[in-house]
1. So which residues in region 59-114 are among the small types (Gly, Ala, Ser) and more than 16 Å from Ile31 (Cα to Cα), if there are any at all?
2. Which fully enclosed helices (runs of 4 or more DSSP H) of region 33-93 have 2 or more residues being within 32 Å of the chain's Cα centre (by Cα)?
3. Counting only residues that are touching a residue at least 12 places away in the same chain (Cβ under 8 Å) and among the small types (Gly, Ala, Ser), which one in region 49-88 is surrounded by the most Cβ atoms within 10 Å (Cβ to Cβ)?
4. Based on what the data block shows, is Ile98 in contact with a helix residue (DSSP H, G or I) (Cβ under 6 Å, 6 or more places away or on another chain), among the β-branched types (Val, Ile, Thr), at pLDDT 80 or above and outside the structural domain of Gly317 (by TED's automatic domain parsing)?
5. Residue check: is Ile281 β-branched (Val, Ile, Thr), out of contact with any helix residue (DSSP H, G or I) (no Cβ under 9 Å at 6 or more places or on another chain) and touching a residue at least 12 places away in the same chain (Cβ under 8 Å)?
6. How many residues are under 16 Å from Val239 (Cα atoms) and either β-branched (Val, Ile, Thr) or surrounded by 10 or more Cβ atoms within 10 Å (Cβ to Cβ) (or both) if we restrict to region 205-216?
7. Please pick out the residue among Ser37, Ser9, Ser89 that is among the polar types (S, T, N, Q), at pLDDT 75 or above and farther than 30 Å from Pro287 by Cβ.
8. Determine whether region 217-225 contains at least one residue that is assigned to a loop (DSSP other than H, G, I, E, B), at negative phi, surrounded by 15 or more Cβ atoms within 10 Å (Cβ to Cβ) and polar (S, T, N, Q).
Amino acid sequence: MGQNEIKLSHISEILKCIPTSLLIVDKNKNIIEANPSAKKLLGKNIESRTLDEIFFGREQDIFDKVLQGEIIQREKIELDNTLIGFSASPIYDNNSIITGASIILRDLTEIREIDESLRRRERLAALGEMTAGMAHEIRNPLAAIKAGIEYLSRDFKDDSKGYNYIKIILNEIGRLERIVKDMVAYASQRPSNKSKIDLKDVIETTLMTFQEQLREQDIKVKKYLKGELICMVDEDELVTVVTNLLLNALEAIEKDGTIEISGEEEKNNIKITLKDDGGGIPEDILPKIFNPFFTTKHRGTGLGLSIIHRIIQNHSGTINASNEKRGAIFTIIIPKGI
């Protein structure tokens with residue numbers, strides 16, 4: 001074996017051992033070498049393709065600059081919902097002529113999600129402080145208005161036009177009170193009172209409070225709760241989570257449908273899913289549904305799902321929403337903590 005062949009053999013072995021994704025391309029941007037990490041990131045058959053084929057012609061100018069002698073650092077490209085960071089350097093032969101380029105790639109998707117989560121928490125914390133102040137300022141005058149209207153209602157007969165207007169006012173005051181209540185619940189930063197709870201019992205107990213409404217709307221509930229779902233949680237807060245998710249499902253279905261609730265252990269976590277056949281969530285609003293005050297409901301406060309999101313986060317868990325066949329599905333993962 002000649003010296004050059006030995007070098008190439010060693011280089012090939014080194015490439016296989018490098019955990020970072022690495023590509024070697026020739027001057028025509030043909031991929032001539034890809035280590036296992038790069039194949040896992042971009043696809044197994046990338047060595048028979050060009051950079052333009054892999055990246056659909058995007059960042060073509062950047063790769064052209066590398067093959068003209070520039071060094072590129074910390075660029076980013078989106079590929080099939082995966083954020084990829086890359087740096088590239090030209091490769092020279094013994095005569096200082098550029099023969100190709102080496103490209104280092106890194107999957108930045110998880111880093112982006114962590115960054116977005118941190119920024120979201122910062123925004124929600126600031127919004128929570130503002131919301132708490134607003135709720136306090138609204139609650140006192142609202143109570144005075146309600147007391148005044150109820151006092152004035154005594155001067156009207158039950159079937160009079162004036163009394164009907166007062167009923168409308170009182171109903172709207174009630175709606176404002178619910179909004180303020182949700183604002184206080186969202187802004188609440190009280191420490192969680194955690195204890196060892198079986199989430200199966202939480203789900204069963206919460207469902208009992210919905211029996212009448214389920215019967216009226218002709219909605220069936222299917223439960224797939226495997227074994228004991230024991231974890232360290234704040235029971236009151238988890239009741240709030242299940243209650244709000246059930247309310248969402250009931251509103252989405254309206255009449256004659258099915259809700260499926262599943263629960264199972266996953267290593268050190270408990271996984272709970274709630275699925276309905278109410279038509280699903282429009283894809284364009286899916287990324288926004290956990291944002292405070294975002295709602296598509298005419299009389300909604302936009303805080304129900306935000307409260308759920310905050311509770312699950314405070315339990316070091318995650319909640320995701322997606323569409324599945326006819327309806328929406330919410331997936332919660334909570335650490336057992338025991």
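1. Within region 59-114, Gly69, Gly85, Ser96 meet the criteria.
2. The helices (runs of 4 or more DSSP H) meeting that bar are 36-42, 51-54.
3. The extreme case among them is Ala88.
4. For Ile98, the condition - in contact with a helix residue (DSSP H, G or I) (Cβ under 6 Å, 6 or more places away or on another chain), among the β-branched types (Val, Ile, Thr), at pLDDT 80 or above and outside the structural domain of Gly317 (by TED's automatic domain parsing) - is not met.
5. no
6. Residues in region 205-216 being under 16 Å from Val239 (Cα atoms) and either β-branched (Val, Ile, Thr) or surrounded by 10 or more Cβ atoms within 10 Å (Cβ to Cβ) (or both): 6 in total.
7. Just one listed residue meets the conditions, Ser89.
8. The answer is yes, given that some residue of region 217-225 is assigned to a loop (DSSP other than H, G, I, E, B), at negative phi, surrounded by 15 or more Cβ atoms within 10 Å (Cβ to Cβ) and polar (S, T, N, Q).
The values are calculated or read from the model by the stated rules, or taken from the named source; none is laboratory data. Only a predicted model underlies this, so the values are computations on that prediction, with no experimental measurement involved. Methodologically, a virtual Cβ is constructed for each residue, glycine included, from the backbone with ideal geometry; neighbour enumeration extends over all protein chains shown.
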